[in-house]
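Working notes, beginning with the structure itself.
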Amino acid sequence: HFRQLLPLLNDDEKIPILLKLGQVLELVGEWSEAEQAYQQTLELSTTSNDLKLQTLSQQALGNLLERQGDHNAALEWLKQSKAGFAQLGDQAGVSDVLEDIGSVYWQQGDYEAARALTTESLKLCRSLGDKMCIAHALQNLGNVAFDQDDYDAAQALYQESLELWRELGNRLGAASLLSNLGLVARNHGSYEAARELFDESLIMRRELGDRWGIADSLNCLGDVAKNLGALDRAQALHEESWRLFQEMGDKGRIAGALDDLGVVAYLQHDYEKARAFFEESVAMFRELKEKPDIANSLNNLGLAAARLGDSVRAAGLFRESLRLCHE
């Protein structure tokens, strides 16, 4: 419908419709076309000197690039967007983009910066009474707590966020939080509870057509299958997830899926195959400069090397992994 509408509009009228079209394309995993739509909105809004739409276009581009793993470019766009919202005096926009910037720092493993920015955003959201913004901020703070192994805090933040998404009737947000809560249950060793949460999330994401979310849920279900010893099912789920992330071009998640496939191969005692997966995963994470993930994949690669009798290399990999964990 948006595509049919666009030829009927003048350039100024096209901008908000292109933004909406980009959001739909992003949701269904057509990221290259989504980027083209956002670039077009940026060009048109710059030509028309519409600072608000220009700022929204910059934010959309930043968030899309963050999903694709291009963190440096994402930060550049998001910081420009923040400056635009500040110039407009749009506190809601500032609070929203602060969350987005915090999310990028979380992806990079800079948890202190992520927590500080998201906490600042949450205060602004609460002062504005913006429940959607509050829900986003709580989820992002939960992500930071989760990655720092504070699962009780993460669960409380995720639960509060989920309740807000449900109150707002936002099924996309609720599906994401169900997945987050599934991760907490998994890390507590409650695998059946985790599987139920991931299944519920997957059903909602399939109904919504959320392609990235579907891939994420499949990956999470693969982890649970792995924990339960169903290695063939785990392999099938991780492979399906990996294919979807490849189609969308999400480099970080592609690297993560490769690491997961390596773990499955390792548990199947196919150490050569595991080493190949881990080496590819490490290389991709190095390109993305995501230290926590590099450290994890290096540790896994060290385990495979040790199993293959290369103890010298294994020791070097373990040392590098440990060093990254302390940075």
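The values are calculated or read from the model by the stated rules, or taken from the named source; none is laboratory data. Keep in mind that what you see is a predicted model, and the values were worked out from it rather than measured. As a convention, Cβ positions derive from the backbone with ideal geometry for all residues, glycine included, and neighbour counts pool all protein chains shown. To get the accessible areas, we keep the full protein, side chains included, count just its heavy atoms, and leave off ligands, DNA and RNA. Shrake-Rupley method; radii C 1.70, N 1.55, O 1.52, S 1.80 Å.
Here the dipole of the chain is about 240 debye; that uses its Cα centre as origin and unit charges on the Cβ of Lys and Arg (positive) and Asp and Glu (negative). Here the simple spin-label model places points 7 Å from the Cα toward Cβ, and for N187 and E239 these points are separated by 3.0 nm.
Within a Cβ distance under 9 Å of Q68, other residues only, what is the Lys/Arg minus Asp/Glu net charge?
My count for the surroundings of Q68 gives -2.
Of the cross-linked pairs K14/K289; K52/K123; K14/K82; K20/K123; K226/K291, those separated by over 26 Å at the C-alpha level are K14/K289; K20/K123. Provide the net charge surrounding K14, with neighbours chosen by a C-beta distance below 12 Å and charges set as Lys +1, Arg +1, Asp -1, Glu -1. Overall, the nearby charge balance is -3.
Summarising the label geometry, the points placed 7 Å from Cα in the beta-carbon direction at N170 and E272 lie 5.0 nm from one another. Cysteines in the chain lacking any other cysteine Cβ under 4.7 Å from their own Cβ: C220, C325. Once the C-beta distance of L8 and N72 is scaled by a Förster radius of 41 Å, the resulting FRET efficiency is 0.60 to the nearest 0.05. Residues H1, H238, H269 ordered from highest to lowest accessible area at a 1.4 Å probe: H1, H269, H238. One Cα centroid belongs to segment 227-286, the other to segment 79-120; the line between them spans 32 Å.
Full extension of the segment from L51 to D199, taken as 0.36 nm per residue of separation minus the current Cα-Cα distance, would add 49.0 nm.
Stretched out straight at 0.36 nm per residue, the stretch from K123 to R286 would grow longer than its current Cα-Cα span by 55.2 nm. For the pair A92 and D147, label points projected 7 Å from Cα toward Cβ lie 2.9 nm apart.
With runs of 4+ DSSP H residues as the only contributors, calculate the mean residue ellipticity of the chain at 222 nm using -39,500 (n - 2.57) per run, divided by the residue total and rounded to the nearest 500. Estimated from H runs of four or more residues: -28500 deg cm²/dmol. The Stokes-Einstein estimate for segment 87-203, based on a Kirkwood radius over Cα pairs and taken at 20 °C with 1.002 mPa s viscosity, is a diffusion coefficient of 149 µm²/s.
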